[in-house]
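The values are calculated or read from the model by the stated rules, or taken from the named source; none is laboratory data. Everything numeric here is computed off the predicted structure, so don't read it as measured data. Neighbour counts are summed over all protein chains in view; Cβ atoms, including those assigned to glycine, are modelled from backbone coordinates with ideal geometry.
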Amino acid sequence: MAERITVAVLAGTTREKRESIKAAWYIAEFGRQLPDVEIIFVDPKEFYFPGDGNDPEGKDPRYTEITAKADAFFVITPEYNHSFPGTLKRMLDSELENYNHKPIAFAGASSGNWGGVRAVESLLTAVRETGLVSLSWDVYFPRVQEIFDENGAIKPEHKERYDRNVGKLYDELLWMARLFKSAREANTTDS
């Protein structure tokens, strides 16, 4: 039996009419079906991040607890003006100590043809600075409003493709999470 891995799935925006939340729900639900995986869904609408940076007064203690527990992260970001939302940046900036040496996977979503690729590319520089380790490929949801129905369920004609791609990305994320978790634990016992 594999060691249990906790993945925090982060929705990337608080926008009222956000379509990317459907992709985030799908990715979280997909992860819940995997053996030995615990999914913690993080909707930024449910958290409060005052100010900027990594200062103690700018943290939400509930989010701090989640990031400490998580062995890996899966971010779903919409693309706004060729970049990612400020909400996501604020979340990522708040917990540098808890991110170090943990892997992160990305999914992009947009209403256009690009699927959020520019948002994900913009995130890479910021994420590198947090100590998170990004995977070498991502999943994209172009025309996200056409992939999911009004209730947020993936449409049958898209399910096989996204199940395959998201499954492969989870395989890589979980492999890295187990590797890094083992190394972090060995480093703790050696000190």
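Miscellaneous remarks
- Residue selected from segment 48-72 under the condition charged (D, E, K, R) and without any contact (Cβ under 8 Å) to a residue 60 or more places away in the chain, by the criterion nearest to D171 (Cα to Cα): E65
- Test: S111 is of a type in the set (S, T, Y), under 17 Å from A11 (Cα atoms) and in contact (Cβ under 8 Å) with a residue 60 or more places away in the chain: yes
Matching residues to (1) over 17 Å from I27 (Cβ atoms); (2) touching a helix residue (DSSP H, G or I) at 6+ places or on another chain (Cβ under 6 Å); (3) basic (K, R); (4) exposed (fewer than 14 other Cβ atoms within 10 Å of the Cβ):
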position	(1), (2), (3), (4)
K69	yes, no, yes, yes
F84	no, yes, no, no
H101	yes, yes, no, yes
L135	no, yes, no, no
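- Residue selected from segment 14-73 under the condition within 18 Å of G131 (Cα to Cα) and β-branched (V, I, T), by the criterion farthest from the chain's Cα centre (by Cα): T64
- Within the option set D52, D71, D43, D36, being at pLDDT below 95, of a type in the set (D, E, K, R) and out of contact with any Leu (no Cβ under 7 Å at 6 or more places or on another chain) holds for one residue only, D52.
- Test result for A107, among the aliphatic types (A, V, I, L, M), out of contact with any Leu (no Cβ under 7 Å at 6 or more places or on another chain) and under 19 Å from V37 (Cα atoms): yes
- When residues of segment 141-160 are limited to those that are among the aliphatic types (A, V, I, L, M) and buried (at least 17 other Cβ atoms within 10 Å of the Cβ), the one nearest to R18 (Cα to Cα): V144
- Candidate set: segment 1-56, residues that are over 19 Å from A105 (Cα atoms) and among the hydrophobic types (A, V, I, L, M, F, W, C); chosen: the one surrounded by the fewest Cβ atoms within 10 Å (Cβ to Cβ): M1
So that you can scan it fast, the table gives a plain yes or no per residue for (1) within 18 Å of G31 (Cα to Cα); (2) out of contact with any Leu (no Cβ under 9 Å at 6 or more places or on another chain):
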residue	(1), (2)
E121	no, yes
T125	no, yes
G131	no, no
P142	no, yes
E160	yes, yes
R164	yes, yes
K168	yes, yes
W175	yes, yes
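- Members of segment 3-50 that are in a loop (DSSP other than H, G, I, E, B), more than 19 Å from E97 (Cα to Cα), touching a Lys or Arg at 6+ places or on another chain (Cβ under 6 Å) and not acidic (D, E): T14
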